Amino acid sequence: MNPRIFRIAVQDAAIADLRRRLNAARWPDEPADAGWRYGTELGYLGKLAAFWQESFDWRAQEEMLNRLPHYLVEIDGQPPHFIHLAGSGRAPRPLLLLHGWPSSFLEFLAVAEPLAHPERHGGDERDAFDVVIASLPGFTFSTPLKAPLGPRAMAAALRKLMTEGLGYRRFLVHGGDWGSLVASWLALDHAETLAGLHLSTLPLDPWTGQGAPPLSPEEEAYRAVRARHWPGDAAIEAITATKPQSLAFGLADSPIGLAGFLVDQLRSLADTGGNIERRLSKQQICTWLSLYWFTGCIASAAWLHGAGKREKATRLAPGQRVLVPTGYAGFAAPDTPRPPRSFAARAYDILSWQEMAAGGRFPALEEPEAFIASLRAFNARL
């Protein structure tokens with residue numbers, strides 16, 4: 001298994017085609033005073049599209065991205081893309097960073113250098129990690145994907161990347177959103193390779209049926225709040241899990257369609273308080289959109305939802321539990337329910353527990369200093 005150096009190089013014709021499509025966009029009607037109640041606001045998307053077409057410089061972003069060392073490797077016929085930064089010092093611990101939906105490796109750019117070379121950022125060289133940022137199969141440059149893969153299958157592929165591809169015997173893994181589910185299955189199926197598990201979301205549902213300890217009042221209250229909360233997020237997952245291809249035709253053919261779909265997700269999942277540019281600038285959003293557009297990954301990225309359901313990836317069997325030491329850093333946005341520690345401990349061996357005051361589903365991007373501090377503190381406890 002031989003990783004090969006990869007350099008991002010979008011063709012001029014693809015950039016010209018994107019601008020042409022943006023210029024020829026057909027815009028939908030919108031109810032009066034709609035705001036964001038029905039999804040992405042027409043006025044905001046119009047301004048973003050104008051910036052994407054007229055002011056956004058993909059080549060400058062491409063140059064910035066290529067300053068990091070990118071690689072491709074073939075694993076079981078699939079093409080994982082990853083960034084690999086060797087850390088400072090004598091013995092940096094290997095660290096695998098896993099994003100979720102609808103994210104990409106961009107989520108971790110702000111933390112990669114400080115994690116690998118803390119002494120260059122006012123820190124201690126002894127806190128250095130060998131940083132591996134993987135694009136989940138089906139996302140951006142980890143394409144084309146031949147068939148849908150669920151979190152458990154992705155975990156098996158990423159274990160091979162770290163051990164057979166990069167030669168690490170044991171490593172630390174962080175996951176957020178769907179990446180937390182992939183990381184959790186690394187811990188369940190490949191515990192011997194993990195030094196620790198660090199999560200910003202806790203995706204596994206513990207067994208609470210016959211033979212399990214009864215739920216406490218606090219745990220019962222959490223389950224009730226979660227049941228009321230999830231329907232608000234369920235619409236996107238329902239269509240991506242059941243009819244992703246029907247949606248993908250329009251999103252793969254129209255950059256405005258892609259932007260309308262993803263911008264609403266970014267605004268909802270990040271801790272934006274309703275103002276997306278509180279967390280993401282237009283340039284960051286357009287870089288995010290351009291990666292999805294130029295790689296054509298919107299369909300295969302969405303396949304994860306259905307594949308995860310078919311794997312029953314969130315459900316633990318009776319007696320099943322993650323035994324790898326687990327650190328939780330709860331960066332969930334204010335309207336996202338956090339589980340009680342006792343409920344999480346039914347599924348995970350909780351070593352450290354932090355509830356952050358700010359940050360949403362993309363904590364390394366939204367709150368990079370707090371994210372780095374949490375990882376370092378967890379690693380020190382290990």
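The values are calculated or read from the model by the stated rules, or taken from the named source; none is laboratory data. Note that the coordinates shown come from a computational prediction; the quantities given were computed from them, not determined experimentally. Virtual Cβ from ideal backbone geometry, glycine too; neighbours counted across all protein chains shown. Heavy atoms of the whole protein, side chains included, go into the accessibility calculation; ligands, DNA and RNA do not. Shrake-Rupley method; radii C 1.70, N 1.55, O 1.52, S 1.80 Å.
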Here the relative contact order (percent) of segment 108-174, from C-alpha pairs under 8 Å and at least 6 apart, is 16 percent
Restricting to Cα pairs under 8 Å and 6 or more apart, the percent relative contact order of the chain works out to 20 percent
Hydrodynamic calc, segment 163-209: Kirkwood Rh from Cα pairs, then Stokes-Einstein at 20 °C with viscosity 1.002 mPa s, so D in µm² s⁻¹ is 190 µm²/s
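Take the solvent-accessible surface of the protein heavy atoms, probe 1.4 Å, and return the percent of it on the chain that carbon and sulfur atoms account for. Intermediate values should be presented prior to the final figure.
Working: 8300 of 16730 Å².
The nonpolar share, carbon plus sulfur, comes to 50 percent.
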Restricting to lysines and to Cα separations under 24 Å from Lys282, and discarding same-chain partners fewer than 8 apart, the set is Lys47
Note: Ser246 to Glu192 extended length (0.36 nm per residue) minus current alpha-carbon separation gives 15.4 nm
On the formula 1/(1 + (r/R0)^6), with r taken between the Cβ atoms of Ala34 and Ala156 and R0 of 51 Å, the FRET efficiency rounded to 0.05 is 0.70
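Considering Cα pairs under 8 angstrom that are at least six residues apart, work out the relative contact order of segment 1-152 and quote it in whole percent. Numbers along the way, then the final one.
Numbers: 190 pairs, mean separation 36.4, N = 152.
The normalised contact order for segment 1-152 reaches 24 percent.
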Heavy-atom accessible area with a 1.4 angstrom probe orders Glu192, Glu62, Glu277, most exposed first, as Glu192, Glu277, Glu62
The aspartates and glutamates whose Cα lies under 20 Å from the Cα of Lys243, excluding any fewer than 8 residues away in the same chain, are Asp233, Asp253, Asp264, Glu311
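Which loop trypsin sites (Lys or Arg not before Pro) in segment 84-173, with loop taken from DSSP, have no more than 15 other Cβ atoms within 10 angstrom of their Cβ?
Numbers: sites: Arg90, Arg120, Arg126, Lys146, Arg152, Arg159, Lys160, Arg169, Arg170; in loops: Arg90, Lys146, Arg169, Arg170.
Counting only loop positions with at most 15 other Cβ atoms within 10 Å, the trypsin sites (Lys or Arg not before Pro) in segment 84-173 are Arg90, Lys146, Arg169, Arg170.
Stretched out fully, how many nm does the piece from Glu54 to Ala234 gain, at 0.36 nm a residue minus the Cα gap? The partial results should precede the final answer.
Values: separation 180, 0.36 × 180 = 64.80 nm, distance 3.49 nm.
Full extension from Glu54 to Ala234 adds 61.3 nm.
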Expressed per residue, the solvent accessible area of segment 68-220 in Å² (1.4 Å probe) is about 35 Å²
Here the gain from full extension of Glu220 to Leu382, 0.36 nm per residue of separation minus their alpha-carbon distance, amounts to 55.2 nm
Two pseudo-spin positions, 7 Å from Cα along C-beta at Glu119 and at Met64, lie apart in nanometres by 2.8 nm
With every protein chain in place, the accessible area of His84 for a 1.4 Å probe, in Å² rounded to the nearest 10, comes to 40 Å²
At R0 = 56 Å the Cβ-Cβ FRET efficiency linking Glu277 and Gln210, nearest 0.05, sits at 0.65
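Which of rounded, prolate or oblate describes the chain when judged by the alpha-carbon gyration tensor and an a/c cut-off of 1.5?
Working: a/c = 1.57, a/b = 1.20, b/c = 1.31.
Because a/c hits 1.5 or more and a/b fails to exceed b/c, the chain counts as oblate.
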Listed by chain and number, the aspartates and glutamates with an alpha carbon less than 17 angstrom from that of Lys160, same-chain partners under 8 positions apart left out, are Glu74, Asp76, Asp130, Asp189, Glu192
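Is the shape of segment 298-346 rounded, prolate or oblate, going by the alpha carbon gyration tensor and its root eigenvalues a ≥ b ≥ c, with a/c under 1.5 for rounded and a/b larger than b/c for prolate?
On the way: a/c = 2.31, a/b = 1.28, b/c = 1.80.
Oblate, because a/c is 1.5 or more while a/b does not exceed b/c.
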